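A.B. asks: Quick one: structure below, then a few questions.
The values are calculated or read from the model by the stated rules, or taken from the named source; none is laboratory data. Because the structure is a prediction, the values reported are computed rather than measured. So basically every Cβ, Gly included, is an ideal-geometry build from the backbone, and we count neighbours across all protein chains shown.
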Amino acid sequence: MFKPLLFIAAFAILSLGFHFQRERLFPSSYHPAPSTGSTQDHVLSPNSIQAIYNSTLGFGDIYMINMPGRTDKLDALRLFTSVTNISYTVVPGIDGKEIPHVAWPGFYKEDLASRTGSWRAHMNAAASILDNNLSSALIVEDDADWDVSLKTQLTQFALGSRHILNAPASSEPLSPYGDGWDMLWLGHCAQDLPSKPLARFFIANDTTMPPAGRRWGLWNPEEILTYDVLHNHTTRVVYRPAGGVCSYAYALSYTGAQKMLYHLSYSHFDGPFDVGQAGLCKRGRKGEIDYSCVGVYPGLIHAVFGDNDMVYDPTTPRKEREKKKGTPSAPNLVFGVRENVRNLIEGKELVGRWQGEEEIGEMEMWFDEGKGE
Ligand SMILES: *[C@@H]1O[C@H](CO)[C@@H](O)[C@H](O)[C@H]1NC(C)=O
Ligand SMILES: *[C@@H]1O[C@H](CO)[C@@H](O)[C@H](O)[C@H]1NC(C)=O
Ligand SMILES: *[C@@H]1O[C@H](CO)[C@@H](O)[C@H](O)[C@H]1NC(C)=O
Ligand SMILES: *[C@@H]1O[C@H](CO)[C@@H](O)[C@H](O)[C@H]1NC(C)=O
Ligand SMILES: *[C@@H]1O[C@H](CO)[C@@H](O)[C@H](O)[C@H]1NC(C)=O
């Protein structure tokens, strides 16, 4: 049974003016359902959710992984974060060849130097959370793109993650995303099918959602996630993924960072970073280890593809690389920052992809706790 909990009429139309207005409207304009006396009443408290509108999106910091020397990518990040009011700290990318063999994980081989480098950069980001004693951090790879309204999207996501986590009954969790999570997998190129019990938080009639048929992913859990939802073509779902692939963006809590360093560095680990990340979610889901992942489909942050200049290969002569001007937005984004950065700077109307392809009514959000096993 679905229990509509939240109803937000104000999201119906999207225009530039309205777009920013809706950020202000949210979350004060949503109406908690009549009290059911359930332990989940607390999730409707909007109090600390406001922190998501701060410059680190309600996390302790944002770590952008950027290869030293790739100032082209860094300039892009500087622009994109400035127009979306985000602050960040750079975590330098690592060339795997520079890591001494004794420091390699598992059975890494020389020909896997780029994977080793990527793994090391992600480990350093997790370690920085501990070094700086942060409550959490969002870790983002530097070819990322996100929707202009990311803060609003994350606020909706947070309502979902609080439900999914069934966070302890306090009116203000320590994290605006709810407490008890290790990882929030916000940017990926595929998510595994969820396992049972399938608790789902629906964000239906989402104007920032690519219509069905316009979504890209190596594979996707789409049909399982929304098979029973009428008019599901612009419905986003927050749930517990049983794995996934690609580490475009994910948040770690302090304990999530400890567990990641434990399982993917201190313990024997043998595989690309995102495989390790998926393994943590999978084993957490199965109860093999204590690891709590919350994901969202489609993801909110995505890497851009098809731009040769984005690939880290200093040996390719520049003239043989195609420099694309005005890089298009990443897949799965409607109001991508890349596509709109100039509009934002010049104060012009935003451009959205796939507009008018689906009839989009009033946004609705609700939680279905799913059936037990
Ligand atoms: C944003 O909010 C989070 C959660 O309350 C907090 O940890 C972080 O320090 C805040 N960031 C800034 C820049 O104030
Ligand atoms: C960034 O902040 C400025 C000043 O508060 C505001 O006018 C603008 O709409 C914000 N931009 C976004 C994308 O949130
Ligand atoms: C880390 O932060 C927590 C919570 O703010 C605090 O209780 C603890 O003393 C800090 N630890 C160190 C080593 O500073
Ligand atoms: C939407 O739901 C229908 C059943 O009502 C299902 O057949 C279809 O696969 C779903 N579409 C998506 C995009 O999940
Ligand atoms: C979404 O919009 C459609 C079309 O306007 C409408 O029929 C539907 O009731 C709305 N809500 C949901 C949950 O699909």
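A.B. asks: Tell me whether the stretch 159-176 contains one or more residues that are buried (at least 17 other Cβ atoms within 10 Å of the Cβ) and within 16 Å of ligand 5 (Cβ to nearest atom).
C.D. replies: For the stretch 159-176, residues buried (at least 17 other Cβ atoms within 10 Å of the Cβ) and within 16 Å of ligand 5 (Cβ to nearest atom): present.
A.B. asks: Moving on. Could you please give the count of residues in the stretch 57-66 that are under 18 Å from residue 127 (Cβ atoms) and either assigned to a loop (DSSP other than H, G, I, E, B) or within 16 Å of ligand 5 (Cβ to nearest atom) (or both)?
C.D. replies: 3
A.B. asks: Sticking with this structure for a sec: Answer yes if at least one residue in the stretch 336-357 is in contact with a His (Cβ under 6 Å, 6 or more places away or on another chain), surrounded by 12 or more Cβ atoms within 10 Å (Cβ to Cβ), in a loop (DSSP other than H, G, I, E, B) and modelled with pLDDT of 75 or more, and no otherwise.
C.D. replies: The answer is no; no qualifying residue exists.
A.B. asks: In the stretch 121-142, which residue that is closer than 17 Å to residue 58 by Cβ and surrounded by fewer than 16 Cβ atoms within 10 Å (Cβ to Cβ) is nearest to the chain's Cα centre (by Cα)?
C.D. replies: Among those that are closer than 17 Å to residue 58 by Cβ and surrounded by fewer than 16 Cβ atoms within 10 Å (Cβ to Cβ), it is 135.
A.B. asks: Out of the stretch 177-201, which residues are within 16 Å of ligand 4 (Cβ to nearest atom) and either among the β-branched types (Val, Ile, Thr) or buried (at least 24 other Cβ atoms within 10 Å of the Cβ) (or both)?
C.D. replies: If the condition is that a residue be within 16 Å of ligand 4 (Cβ to nearest atom) and either among the β-branched types (Val, Ile, Thr) or buried (at least 24 other Cβ atoms within 10 Å of the Cβ) (or both), then 191, 200, 201 are the ones that fit.
A.B. asks: Looking only at the stretch 67-100, count how many residues are assigned to a loop (DSSP other than H, G, I, E, B) and more than 21 Å from residue 186 (Cβ to Cβ).
C.D. replies: Final tally of qualifying residues: 8.
A.B. asks: Can you find a residue that is within 16 Å of ligand 4 (Cβ to nearest atom) and without any contact (Cβ under 8 Å) to a residue 60 or more places away in the chain anywhere in the stretch 130-140?
C.D. replies: no
A.B. asks: So residue 208 fits all but one of (1) crowded, with 17+ Cβ neighbours inside 10 Å; (2) more than 16 Å from ligand 2 (Cβ to nearest atom); what number is the exception?
C.D. replies: That leaves (2) as the condition not met.
A.B. asks: Could you please find all residues in the stretch 206-225 being farther than 17 Å from residue 242 by Cβ and either within 12 Å of ligand 4 (Cβ to nearest atom) or within 17 Å of the chain's Cα centre (by Cα) (or both)?
C.D. replies: Passing the criteria: 206, 208, 209, 210, 211, 212, 213, 214, 215, 216.
A.B. asks: Does the stretch 250-270 include one or more residues that are surrounded by fewer than 17 Cβ atoms within 10 Å (Cβ to Cβ), on the phi > 0 side of the Ramachandran plot and assigned to a loop (DSSP other than H, G, I, E, B)?
C.D. replies: No - not one qualifying residue is present in the stretch 250-270.
A.B. asks: Which pairs have Cβ atoms under 6 Å, sit 6 or more apart or on different chains, and link a residue in the stretch 222-246 that is closer than 13 Å to residue 361 by Cβ to one that is in a strand (DSSP E or B)?
C.D. replies: Going by the 6 Å Cβ cut-off, the qualifying pairs are 235/202; 235/204.
A.B. asks: Go through the residues of the stretch 96-103 one by one and say whether even a single one is touching a residue at least 60 places away in the same chain (Cβ under 8 Å) and more than 22 Å from residue 293 (Cβ to Cβ).
C.D. replies: The answer is no; no qualifying residue exists.
A.B. asks: Are any residues in the stretch 229-249 within 12 Å of ligand 5 (Cβ to nearest atom) and not in a strand (DSSP E or B), and if so, which ones?
C.D. replies: Within the stretch 229-249, 229, 230, 231, 232, 233, 234, 235 qualify.
A.B. asks: Follow-up question, since we're still on this one. Which numbered condition trips up residue 280, out of (1) in contact with a Gly (Cβ under 8 Å, 6 or more places away or on another chain); (2) among the aliphatic types (A, V, I, L, M); (3) away from ligand 5 (no atom under 16 Å from the Cβ)?
C.D. replies: Condition not satisfied by residue 280: (1).
A.B. asks: So, one more: Among the numbered conditions (1) under 19 Å from residue 160 (Cα atoms); (2) in a helix (DSSP H, G or I); (3) within 16 Å of ligand 1 (Cβ to nearest atom), tell me where residue 281 comes up short.
C.D. replies: (3)
A.B. asks: Return a yes/no flag: does the stretch 94-112 have any residue that is in contact with a Lys or Arg (Cβ under 6 Å, 6 or more places away or on another chain), within 19 Å of residue 264 (Cα to Cα), buried (at least 21 other Cβ atoms within 10 Å of the Cβ) and not charged (D, E, K, R).
C.D. replies: Yes, there is a match, as at least one residue in the stretch 94-112 is in contact with a Lys or Arg (Cβ under 6 Å, 6 or more places away or on another chain), within 19 Å of residue 264 (Cα to Cα), buried (at least 21 other Cβ atoms within 10 Å of the Cβ) and not charged (D, E, K, R).
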